[in-house]
Amino acid sequence: MDLAGYFLLSYSTLFAIMDPPGVAAVFVAMTEGNSPAERLRMARLGAATAGGILLFFSFGGQKLFQILGITYPAFQIAGGIILLLAALDMVRAQRVALRTSPEEQQAALHKGDIAITPLATPLLAGPGAVSAALVLAGKAEAPVQFLVLAGAIGAVSLTAYLALRWSIALGRLLGPIGARVLERLVGLLLTALAVQFILNGAAAMLGRG
């Protein structure tokens, strides 16, 4: 895969599972009582922390696999299943249960600062996004592709920050119907990608057998 194609694959996959527009809507509700300056700081810190989490698992995930004795195809299938569960929730316009529980969202309403949790994790860099980052890192065939992946993580983190920063205006622009339509379209694309991850993992395991 050429570098441009790998970047587009990485960015689109992470964007789909992180869903910055959807998280922005949650961010608006959770920070209703905060000042604009506080919202800006939380958006900046939350997006940066989420990017750091994804970078950590992208570059350290393979070593973790070796320590725990987990094969890449097995994790690829598991990651595909996690992505598929999230995608099905998005297609049905339901809250993605893999991101955060109702109890966590309710607790966050009473917190003064939600930048690290639940904004950075699990809303942005949740299990689905971490799984996607690990799977994408496994597709890197040369050192330069790891740099491309890091660039894609940086780009999607910047996108998340901009979505959070402009979350109020974004919500007004999309409206409830527009947000649902966008969520379903992204969920459909993510469903196909998740199935492909599962098929690739299964093919790799059968090939080894």
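The values are calculated or read from the model by the stated rules, or taken from the named source; none is laboratory data. For clarity, every value in this text was computed on a predicted model and none was experimentally measured. Here the Cβ positions follow ideal geometry from the backbone for every residue, glycine too, while neighbour counts run over all protein chains shown.
Considering ALA25, ALA4, the condition of being modelled with pLDDT of 80 or more and either in a helix (DSSP H, G or I) or in contact with a His (Cβ under 7 Å, 6 or more places away or on another chain) (or both) is satisfied by ALA4 alone. Looking at LEU54, LEU40, just one residue is buried (at least 18 other Cβ atoms within 10 Å of the Cβ), touching a residue at least 40 places away in the same chain (Cβ under 8 Å) and either on the phi < 0 side of the Ramachandran plot or assigned to a loop (DSSP other than H, G, I, E, B) (or both), and that residue is LEU54. Out of ALA25, ALA43, ALA47, one residue alone is of a type in the set (Gly, Ala, Ser) and farther than 16 Å from LEU158 by Cα. It is ALA25.
Taking first residues from region 185-209 that are over 13 Å from THR71 (Cα atoms) and part of a helix (DSSP H, G or I) and partners that are of a type in the set (Lys, Arg) and modelled with pLDDT of 80 or more, no Cβ contact under 6 Å between residues at least 6 apart in sequence or on separate chains turns up.
Remark: pairs (first residue in region 60-85, surrounded by fewer than 19 Cβ atoms within 10 Å (Cβ to Cβ); second residue part of a helix (DSSP H, G or I) and among the charged types (D, E, K, R); Cβ separation under 8 Å; 6+ apart in sequence or on different chains) = PRO73/ARG208. Any residue in region 164-181 that is modelled with pLDDT of 85 or more, surrounded by fewer than 23 Cβ atoms within 10 Å (Cβ to Cβ), among the aromatic types (Phe, Trp, Tyr) and in a helix (DSSP H, G or I)? Scanning region 164-181 turns up no residue that is modelled with pLDDT of 85 or more, surrounded by fewer than 23 Cβ atoms within 10 Å (Cβ to Cβ), among the aromatic types (Phe, Trp, Tyr) and in a helix (DSSP H, G or I). One residue stands out among those in region 140-162 that are in a helix (DSSP H, G or I) and farther than 19 Å from ILE53 by Cα: the one that is modelled with the highest pLDDT, which is VAL144.
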